[in-house]
Amino acid sequence: MAIDRKIAGYSRIQIALHWIVVFLVAFQYLTHKGIELSWTALARGNPAPSDQTVLTYLHIAAGALVTIAAVARIYLRFTRGVPPPPQDEPHVMQLISELVHRVIYVLLLLLPVSGAAAWFFGIDQAGLVHALLTNVLLAAIVLHIAGALFQHLIRRSQVMMRMFRPERL
């Protein structure tokens, strides 16, 4: 249940969780080769390469942390709320923004689930879904960043800056 109090900005914890997720997703993307090489070796009946073990387990751990942070962000979104869009923002932009945020949240939950299903239960289709969802997440992130930059550079709104400066109560 969402609260009725109007807020002007995000809290320190909301901002911290946002940037933690950004870091973890970037880490996952930049270091995914280890788990891919391990997955391919195991699928061929070979042992996972020992030189990829650390990256494999870091990928799994980071995925678990993404799940925890995403659940915390969703919880705070519903209990604390989020700042409203700028008053002069066209309705279609508000709808696109809300859709992109929802897609990102759903993907932040589905990616660890599909990855875990593939890795721990050996479900090949889950691995394919995981790879597809990774690409969808990257596209959604690009849209998210483009929207933030559009708000900041073109519309000259303070939307983007809300993720850098917490609301002062």
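Computed quantities for the displayed model
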{"item": "Length released on extending from residue 61 to residue 88, taking residue separation times 0.36 nm less the Cα-Cα span", "result": "5.5 nm"}
{"item": "Per residue accessible area of the chain, 1.4 Å probe, in Å²", "result": "64 Å²"}
{"item": "The chain - convex hull of alpha carbons, volume per residue in Å³", "result": "122 Å³"}
{"item": "Helix 124-149 axis, angle to the chain major axis (alpha carbon atoms, nearest 10°)", "result": "30 degrees"}
{"item": "Dipole magnitude (debye, nearest 20) for segment 70-157, charges at Cβ of Lys, Arg, Asp, Glu", "result": "260 debye"}
{"item": "Computed magnitude of the charge dipole of the chain (debye, nearest 20; Cβ of K, R +1, Cβ of D, E -1)", "result": "600 debye"}
{"item": "Rounded percent of accessible protein surface that carbon and sulfur make up, the chain, 1.4 Å probe", "result": "71 percent"}
{"item": "For residue 14, net neighbour charge (Lys/Arg +1, Asp/Glu -1) across residues whose Cβ lies under 11 Å away", "result": "+4"}
{"item": "Full-extension gain in nm, residue 164 to residue 74, via 0.36 nm per residue minus C-alpha separation", "result": "30.5 nm"}
{"item": "Residue-count net charge about residue 70 - beta-carbon cut-off 15 Å; Lys, Arg +1, Asp, Glu -1", "result": "+3"}
{"item": "Nearest 10 degrees, 0 to 90: helix 12-31 Cα axis against the chain principal axis", "result": "30 degrees"}
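The values are calculated or read from the model by the stated rules, or taken from the named source; none is laboratory data. Remember, predicted model here, so these are calculated numbers, not experimental data. All Cβ positions, glycine included, derive from the backbone under ideal geometry; neighbour counts span all protein chains shown. To get the accessible areas, we keep the full protein, side chains included, count just its heavy atoms, and leave off ligands, DNA and RNA. Shrake-Rupley method; radii C 1.70, N 1.55, O 1.52, S 1.80 Å.
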